[in-house]
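The values are calculated or read from the model by the stated rules, or taken from the named source; none is laboratory data. If you're wondering where the values come from, they're calculated on a predicted model, not measured in any experiment. Positions of Cβ are generated from backbone atoms using ideal geometry, with glycine treated the same way; all protein chains shown enter the neighbour counts.
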Amino acid sequence: MTKLKHLAACLSLFAAVGTVGLDQAVAQDNRQTTVQDGIQVRPLFRYRGLVSEEQLNEASAQQYAQLMGQAQQKGVLLPQSHPETQRLRNIARRIIPHTTRWNELASQWQWQVNLIDSKDVNAFCMPGGRIGFFTGILTSLKLTDDEVAAVMGHEIAHALREHSRERMVKQAGTNAAARIGGALISGIFGIDPNITGTVAGYGAQMLGLKYSRDDEREADLVGLDIAARAGYDPRAGIALWRKMAALDKRAPIQLLSTHPGGENRIAIMEEHMNVLLPVYARSKGTTVAKLPPYRTNVALR
């Protein structure tokens, strides 16, 4: 029993010490939060040099090529001539010119857009502008072009704000700390390192989840900003997440697994419509007062 009490105390101490450096870095980033174009964002990750742009792009290119290659072998990579592939590429073509305001390196990216025939309700944008959509998100949610732009803008925003790089560095740090802490506890108390490693590993996952949720909120707003500048109605983001919530009640979907609650993110979007709608109205050569109500193609409850 004494050993267990010592173990509990040591685990608590390790959790505090092992994450304090990262917590301080995050807190410092939060203190430096700035407002750009009416949207509050954190600065790009200060330790981005630990994973270079070249390393990130190389890994991303290899992963993307492998994924598309596998999809092609299985006959599920839809061709360039497919109407939905053309639709996605046309939307991307309008959005991409507005990405550099959030990351100037985007002008150097080798943008790609592909569509995979799959029931998965998902989409992604890898570092370097490599975009993938699954047909499931288009068909299950019956997305309008504005809603496709909201999804695409959100995924692109993750890449623009370098959330993948940040998560890679932070997760590597917490995982390393977890392994070291587990080994120390095991050595001192003679406990199976697999057990201590598992306990510490769960702590690392919880820490990573917090960052992911913060990233999602930032991606929502940055994504709607670039979509609005491209002439897509930012109110589509609200309709999109209401559709997501309705679908998730019937069958939980993968895209929602690490995202903040739908009502929470909808409220944040609504709070920023006073910033986003004027941008959209200007792109249409009109004023907010003259914008028609947003209409989706599915009745929302």
Condition met for residue 291 (buried (at least 22 other Cβ atoms within 10 Å of the Cβ), at negative phi and modelled with pLDDT of 60 or more): no
The one condition in (1) modelled with pLDDT under 95; (2) under 28 Å from residue 248 (Cα atoms) that residue 84 fails to fulfil: (1)
Matching entry among 139, 100 (being under 24 Å from residue 283 (Cα atoms), free of Cβ contacts under 8 Å to residues at least 40 places away in the same chain and of a type in the set (Val, Ile, Thr)): 100
Qualifying position, being assigned to a helix (DSSP H, G or I), of a type in the set (S, T, N, Q) and surrounded by fewer than 21 Cβ atoms within 10 Å (Cβ to Cβ), among 80, 72, 110: 72
